[in-house]
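For reference, the structure discussed in these notes is given below.
The values are calculated or read from the model by the stated rules, or taken from the named source; none is laboratory data. Predicted model, so just to flag it, every value in this text is computed and none were measured. Counting neighbours? That spans all protein chains shown, and the Cβs are built from the backbone with ideal geometry, glycine included.
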Amino acid sequence: MKIKLNQVVLVEGKYDKIKLSSLLDATILTTDGFGIFKEAEKRALLRRLAAERGIIVVTDSDGAGRVIRGHIASILPKEQVVNLYIPKIKGKEARKTAPSKEGTLGVEGMDADLLRSLFAPYAVESKRADYVPVDRWRYYEDGFTGGPNSSRLRADLAKLLDLPDDLSANAQLTAINLLGGLPLYENALARMDVPSEEA
């Protein structure tokens, strides 16, 4: 059974995400290694998610992991961040031909039970019962994709929701669903005076 979390989990790369996705019922994002240093859009989204839901950071226990944690600490308030640390275990991931620079296993190479024990204290019984996501068809019907004014409408919506104004349509819809789903979206629509699908 997967561990349910309200917080967003932040890991370094896609293989870490794949590993944790098999263990957690949670939103898992990646830093893309050092990519987070130059991705202003992702940093802005992390700030918003940290304020709304909190962030659990779990990186490899090597020098690169420490640098990434330091950067996260510089952009997010410490009270919104939980740092989980994996042990330093010598070894090599099965998919790799050689060990990492420091010769230790990363998140993807950790034992599943060990990872479960790290996340267990943050488990919740269930996700909010009233949560309903915005589906892509509704988003399209309301004019945020596929129309001549879609880009402007997305920019207006981003301003109302305090989101980065340069998010793609897919990224904006994902952010809306992470932050509150349909109630958040419909509240913003009412303030934009954009016709809903029932109009």
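Descriptive notes on the structure:
- Scanning the range 50-66 for residues that are assigned to a helix (DSSP H, G or I) and surrounded by fewer than 20 Cβ atoms within 10 Å (Cβ to Cβ) returns Ala51, Glu52, Gly63, Ala64, Arg66.
Residues checked against (1) at pLDDT below 90; (2) under 18 Å from the mean Cα position of the chain (by Cα):
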| position | (1), (2) |
| --- | --- |
| Val58 | no, yes |
| Ala64 | yes, no |
| Ile68 | no, yes |
| Leu76 | no, yes |
| Val82 | no, yes |
| Lys92 | yes, no |
| Ala98 | yes, no |
| Gly106 | yes, no |
| Ala112 | no, no |
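- Checking Arg116 against (1) surrounded by fewer than 18 Cβ atoms within 10 Å (Cβ to Cβ); (2) part of a loop (DSSP other than H, G, I, E, B); (3) touching a strand residue (DSSP E or B) at 6+ places or on another chain (Cβ under 7 Å), the condition it does not meet: (2)
- Complete set of residues in the range 1-37 that are over 15 Å from Gly109 (Cβ atoms), hydroxyl-bearing (Ser, Thr, Tyr) and outside any loop (DSSP other than H, G, I, E, B): Ser21, Thr30
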